[in-house]
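A quick write-up on the structure given underneath.
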Amino acid sequence: MVKECKRCLYTSEHPLGITFNENDICSGCLIHEEKDSIDWNDRWRELELLVSKYRTSEAKYDCIVPVSGAKDSFFILDLVVNKLKLKPLVVSYNKYFNTPVGIANLARLRVAFDVDFHQKNVDPRVVKKITRKSLYAHGNPYWHCLAGESVFPVQTAVMMKIPLIIWGAHQGL
């Protein structure tokens, strides 16, 4: 049986596997609600303490920051570069649903924050096959994007021995 959230109307068939409480409110809405009860000053101090262990003058990069080119990408890079004073390697998975504005935003990010940028480009023919299979298997043609956006930053971090990834959005926890 398919459940539907009473607030946002997401269903239990969502590709991130959201869950529902006894009142049929989804995990996404509950997480969103949580922000109103957080002491943000305390959380900022915790974040500064956490990242201080990774800030180094020896390494070229202190962390990896995955971006999409949307406005949250600018927000997270401003925090990482200007407020936390980290040296990020910025990464992006090419979803092949790019708009001219999104492409321009990625270029603007590199210049505005003076960061190195790696983008994962999978053969479009392979993406087409994965999209077709995921549509039939998961009911969602966007599955390869979710997987690529989650896996590519981790692969890059392991390959380049960069121990910290700072996500601008949660990855379906």
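The values are calculated or read from the model by the stated rules, or taken from the named source; none is laboratory data. What you see is a predicted model, and the numbers here were worked out from it, not measured in a lab. Here Cβ is always computed from backbone atoms with ideal geometry, including for glycine, and neighbour counts include all displayed protein chains. Side chains included, ligands, DNA and RNA excluded: accessible areas come from the protein's heavy atoms. Shrake-Rupley method; radii C 1.70, N 1.55, O 1.52, S 1.80 Å.
Figures for the structure shown
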quantity: Accessible solvent surface per residue of the range 73-152, calculated while the other protein chains remain in place, 1.4 angstrom probe, Å²; calculated: 59
quantity: Lysine pairs within the range 1-119, Cα separation less than 17 Å, 8 or more sequence positions apart or different chains; calculated: 6
quantity: Gap separating the Cα centres of the range 26-47 and the range 63-105, nearest whole Å; calculated: 22
quantity: Burial order of peptide ranges 67-73, 123-129, 9-15 (average beta-carbon count within 10 Å, highest first); calculated: 67-73, 9-15, 123-129
quantity: Computed lengthening from Tyr136 to Glu22, 0.36 nm per intervening residue step minus Cα-Cα distance; calculated: 38.0 nm
quantity: Percent accessible area from carbon and sulfur atoms, the chain, protein chains only, probe 1.4 Å; calculated: 58
quantity: Longest to shortest principal axis, alpha-carbon extents of the range 1-143, angstrom; calculated: 54, 45, 26
quantity: 14 Å beta-carbon shell around Arg125, net charge (K/R +1, D/E -1); calculated: +3
quantity: Sorted peptide list for 31-37, 107-113, criterion being average Cβ within 10 angstrom, highest first; calculated: 107-113, 31-37
